[in-house]
Amino acid sequence: MTRDQRHPLMPPALSRRNFLVGAGTTAALLAAGAPALATSAGTVLPLVAPLPAGQPVRTLFAPNEQVLAAYLMIVAPLANSVRDVAPNYGWMEDGWQRTPNQPYNSRIMEHVATLSWFYANDRSWNPYYRDPALLARLDAALGYYLSLQHADGSYPEYSPTEHHLSPTGFGTVALAAVLRDLRAAGELYERRVQIRDAIRASSAWLVDTSKPHWNRPVQFANQVVAGLSGVVEAAHILGEPAVSAAVPNRLQIILKDGQAPAGFFHEPVAPDAGYNFDVMLPDLGALYQRLPDPAVIRLAERFADWFGYVVVMEPGRDEGFILSGTSARNIVPTFVTTPVDDLDRSALARVLLPHVPALGAFFASAEEKTQARNAWRASTAPVSPRKKQDSSPRLHMHVPQAPAGIPGSQRDARAAALRYRRESTFTELRKGTLDQQYVFVRRPGYYTAGLYGVRPNSLQRMGTNAFWHPVAGMLALTVNSTGPDDWTTVADTVGTASSRGPVTATHHAGPTASGAVIAADALTGYTGVFTTRYVTADGAVTTDVTHRADGIRRVLSTPGASRERIPLIIGTGDQVVFANGTPAPYGQETITVTRGITVTRGGMRFIIDWGVEREAKYAPMDRSYLGDRTHRILTVSFSGTLSVDLRVVPVT
């Protein structure tokens, strides 16, 4: 049986009443000269009318549904992007959601959940409730979407023949929502039967442990958990508990083989701050709403513990930096809470806050959420529509059902309890699923971290990746971009960069690598001075990092002409001066020969001292963070060996 035989592409016939109403709407639109985004300009399927002038009216929205206003603005363009002629009748062709914008990419079609919501939900601000033109276009889109499903229940994303986890998981959630809406509206019975069969089949595929996404270790955990969330949602909408009966067992597999011992979720077998927090965590919240399995809480607890090491707040602020060098996929260098609903991608993770208190450090407070919603309601500015490729239906599906959060006093207490804030001295080594060591070191004068071992992902950055002070904040931070903003030693004679390949690390007691070896398992809890030696795979660069109470020392050994590159985080009010007195103006490249550089911030001064006269370059980068921080790259040229000390002292 072909896919067209299983899921006919043409919709069931419209009633005469619906056709006449839709035809009248089309005539009015054409008379007014409204833009026609549909392929046939509305002569086959009537166009959906644009939003009337003066709408949406902010004061009409319930606080938890304000996020829907920006989607209301795009209902007509979304619906009118549905092709109503062959080929690809029913495809949403206008590039609103996901790439590649190709007819075989079923992820594009997840916006059927947006169209169905506005069709089925009666609100005073929703002119599309029971709109016949919207229903006709939704029906066409559903016919096309369902035609993309393979016989085994999966969907493609990057090629027509692909059986892909991501569109199958996220698509099951979207189609379950559509089924809910169509049932509530009492419409499209035949499509509802098709959707029922489709989500039964996709759910079975998602939990089938013979499929590649259940290979061990489980990779791309956010997609796997999205799939499980889709399965439990489908079971709930269908009223068929058997559909999700396997989910508790699959959660145990994720616990064992989808989350690293360090606490991060595999992306694919390394951490990723963006996918872990903004995608995986809210799907755990969605799962827990429908299936309060203890495994969900255990997964979230382990992740919260990990996140408490890699999210580094600036002093006196509830925002800060992410140790981005550890991430394998997304380039996310900063952490900022998001009380604004239109940006709140992690909203549904707040379901977990009563059960995982440590997560409270990473969310805006309930008061901030209320304040943001009150400000939105009071604003006289026009509502901004969602933009193409920033219109995921997950946001409007999650935000209205998400809890507001915890009070600010509790949030502040959770943030204050982050270990690097609470303790002045600790060493913590966390192990990856692969042979990777994530080492976090807190001493009275700083907090630093390093990543050692194999490097399976090209964006991960190895070695030392941060230097933070509890009063002065972040001085140096590696970002996992393709630019020069990573802490590295470049051996120019052989082209090796110490951060951009695997490194082998050993840990030694005392101020040099000649000290007794500290076994990796014994490094956690070590409070004295110790030195980590890490060596590139080709042996070209050896780096000894000594962790003292007041700062770190990096001793670099290379075969010839080399550069030490430190990605400094500089505030707009910082004073930067080389040791020879040469100033380094904020937005200007400066080159000099000197032995060090200082950065004065408030009452504290960072001192970077390499002890001998070497050419140094201070270069601005066109990238800013947190409103008043930017990256400036310090490069020190040397040959053979170099010793660099970093410490912080009070300004006297």
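The values are calculated or read from the model by the stated rules, or taken from the named source; none is laboratory data. The structure presented is a predicted model; accordingly, all values stated were derived computationally and were not measured. Because the Cβ atoms are built from the backbone with ideal geometry, glycine has one as well, and the counts that use them run over all protein chains shown. Side chains included, ligands, DNA and RNA excluded: accessible areas come from the protein's heavy atoms. Shrake-Rupley method; radii C 1.70, N 1.55, O 1.52, S 1.80 Å.
Observations on the model:
- Residues of the range 310-328 that are in a loop (DSSP other than H, G, I, E, B) and either at pLDDT 95 or above or open to solvent by less than 10 Å² (accessible area, probe 1.4 Å) (or both): E314, P315, L323, S327, A328.
- P160 being out of contact with any helix residue (DSSP H, G or I) (no Cβ under 8 Å at 6 or more places or on another chain) and either at pLDDT 95 or above or open to solvent by less than 10 Å² (accessible area, probe 1.4 Å) (or both): yes
- Members of the range 566-617 that are of a type in the set (A, V, I, L, M, F, W, C) and closer than 20 Å to G320 by Cα: I566, L568, I569, I570, V599, M604, F606
- Residues located in the range 377-396, provided they are assigned to a helix (DSSP H, G or I), open to solvent by less than 40 Å² (accessible area, probe 1.4 Å) and aliphatic (A, V, I, L, M): L395
- Any hit, the range 184-204, residues being in contact with a strand residue (DSSP E or B) (Cβ under 9 Å, 6 or more places away or on another chain) and not small (G, A, S): no
- Candidates A509, A549 - the one that is within 35 Å of the chain's Cα centre (by Cα) and on the phi < 0 side of the Ramachandran plot: A549
- The residue of the range 365-376 that is most open to solvent (accessible area, probe 1.4 Å), among those that are over 15 Å from A413 (Cβ atoms) and of a type outside the set (F, W, Y), is Q371.
- Within the range 176-186, one or more residues are under 16 Å from R290 (Cβ atoms) and open to solvent by 50 Å² or more (accessible area, probe 1.4 Å).
- Flag if A361 is part of a helix (DSSP H, G or I), under 19 Å from W468 (Cβ atoms) and open to solvent by less than 60 Å² (accessible area, probe 1.4 Å): yes
- From the list A295, A304, A349, A300, the one residue that fits, being touching a His at 6+ places or on another chain (Cβ under 8 Å), outside any loop (DSSP other than H, G, I, E, B), hydrophobic (A, V, I, L, M, F, W, C) and open to solvent by less than 10 Å² (accessible area, probe 1.4 Å), is A300.
- Any hit, the range 524-539, residues being among the aliphatic types (A, V, I, L, M), closer than 15 Å to T464 by Cβ, without any contact (Cβ under 8 Å) to a residue 60 or more places away in the chain and open to solvent by 10 Å² or more (accessible area, probe 1.4 Å): yes
- The condition of being part of a strand (DSSP E or B), closer than 24 Å to V336 by Cβ and β-branched (V, I, T) does not hold for T594.
- Here the condition is being on the phi < 0 side of the Ramachandran plot, open to solvent by 60 Å² or more (accessible area, probe 1.4 Å) and basic (K, R); of R595, R601, R554, R565, it holds for R595 alone.
Conditions (1) over 21 Å from S384 (Cβ atoms); (2) assigned to a loop (DSSP other than H, G, I, E, B), marked per residue:
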site: V48; (1), (2): no, yes
site: G54; (1), (2): no, yes
site: A76; (1), (2): no, no
site: Y89; (1), (2): yes, yes
site: T99; (1), (2): yes, yes
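- Taken together, S124, S166 contain a single residue that is of a type in the set (G, A, S) and either within 32 Å of the chain's Cα centre (by Cα) or crowded, with 23+ Cβ neighbours inside 10 Å (or both), which is S166.
- Members of the range 43-85 that are among the aliphatic types (A, V, I, L, M) and more than 30 Å from the chain's Cα centre (by Cα): V44, L45, L47, V48, A49, L51, A53, V57, L60, V85
- Here S514, S481, S458, S409 are screened, and the one residue that is surrounded by fewer than 20 Cβ atoms within 10 Å (Cβ to Cβ), small (G, A, S) and in contact (Cβ under 8 Å) with a residue 60 or more places away in the chain is S481.
- Matching residues, the range 85-102, being of a type outside the set (A, V, I, L, M, F, W, C), buried (at least 21 other Cβ atoms within 10 Å of the Cβ) and within 16 Å of L146 (Cα to Cα): G90
- Apart from one condition, Y526 fits all of (1) of a type in the set (S, T, Y); (2) more than 31 Å from the chain's Cα centre (by Cα); (3) part of a strand (DSSP E or B); the exception is (3).
- Within the range 412-446, the residues that satisfy the criterion of being of a type in the set (G, A, S) and open to solvent by 20 Å² or more (accessible area, probe 1.4 Å) are A413, A416, A417, S424.
- Any pair with Cβ under 9 angstrom, 6 or more apart, that starts in the range 256-277 at a residue that is within 19 Å of G450 (Cα to Cα) and open to solvent by 10 Å² or more (accessible area, probe 1.4 Å) and ends at one that is of a type in the set (S, T, Y) and assigned to a loop (DSSP other than H, G, I, E, B): P261/T433; V269/T433; A273/S327
- Where a residue in the range 364-391 is basic (K, R) and its partner, wherever it lies, is part of a helix (DSSP H, G or I) and open to solvent by 40 Å² or more (accessible area, probe 1.4 Å), with Cβ under 7 Å and at least six apart: R373/P63; R377/T59
- Here T209 meets the list (1) farther than 24 Å from R83 by Cα; (2) open to solvent by less than 50 Å² (accessible area, probe 1.4 Å) almost entirely, failing just condition (2).
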